[in-house]
Amino acid sequence: MLDYLNNAKTVNPLLTYRFAWEYQSQWYTVLWGLGGLVLIGGIWPSVLQLLIGAGLGRPPKSATEKENEDYLSRFGKGKKQPQRVLAATGPTDADNQRLDEMNNALESELAAAGVFATASSTAASSDDSVAAAPIKPLTAAEPVTTAGAAVHHEETEEDRRKRFAAGDFYPVARGSKKD
């Protein structure tokens, strides 16, 4: 083809042609590769820096942030805990019966100890010798008592220790009294 064009040019000097070497397959690949390298490696980072400088992007991380991120990356995220599957059914009649039995047993033990849970539990129990004390309204004139014990305003730390059994919790007053 090139020989034919060269012969035609000698016959007609106005005939011009150009060889399109860039469209040959090996040069086509090289040119696109170099163009991509220049565009992505040279021009695109400059455009990104301009956009970040204009406030349209996240600023780069400082050295301290990178160091903290590297330190934290050493630790794993931990193992995922398996999801608990809850039963779709409620308690059965046998479960409810067992619960009622346990409640009745606890209420009878509390009643024997002198603690009254509810009015219905004392009425339901067979032991009528223990009666619930009536609820007394509070007034400002009389001091508040706890389970029949008198209020001890002038009680010392040593008196509290004597009043409570060994190993039990007793309230500790720290600091000075406010008068």
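The values are calculated or read from the model by the stated rules, or taken from the named source; none is laboratory data. No experiment lies behind these values; they were computed from the predicted model shown. Using ideal geometry, Cβ is built from the backbone for each residue, glycine included, and neighbour counts are taken over all protein chains shown. Ligands, DNA and RNA are stripped out before the accessible areas are found, and what is left, the full protein with its side chains, is counted by its heavy atoms. Shrake-Rupley method; radii C 1.70, N 1.55, O 1.52, S 1.80 Å.
Rolling a 1.4 Å probe over the protein heavy atoms leaves Lys162 with an accessible area of roughly 150 Å². If R0 is 30 Å, what FRET efficiency do you get for Leu86 and Leu106 from their C-beta distance, rounded to 0.05? Result of the calculation: an efficiency of 0.65. Full extension of the segment from Val11 to Gln24, taken as 0.36 nm per residue of separation minus the current Cα-Cα distance, would add 1.9 nm.
Think of a 1.4 Å ball rolled over the protein heavy atoms: segment 1-89 then has 102 Å² of accessible area per residue.
Tell me the carbon and sulfur percent of the accessible area for segment 1-88, rounded to whole percent, probe radius 1.4 Å. Within segment 1-88, the accessible surface is 63 percent carbon and sulfur. Relative to its residue count, segment 1-121 spans a Cα convex hull of 469 Å³ per residue. A straight chain from Leu2 to Ile43 at 0.36 nm per residue would run longer than the Cα-Cα distance by 10.9 nm. Sum up the charges of everything whose Cβ sits under 14 Å from the Cβ of Tyr17, counting Lys and Arg as +1 and Asp and Glu as -1, but leave Tyr17 out. With Lys, Arg at +1 and Asp, Glu at -1, the net is +1. Within the assembled protein chains, the solvent-accessible surface assigned to Asp3 is about 120 Å², based on a 1.4 Å probe.
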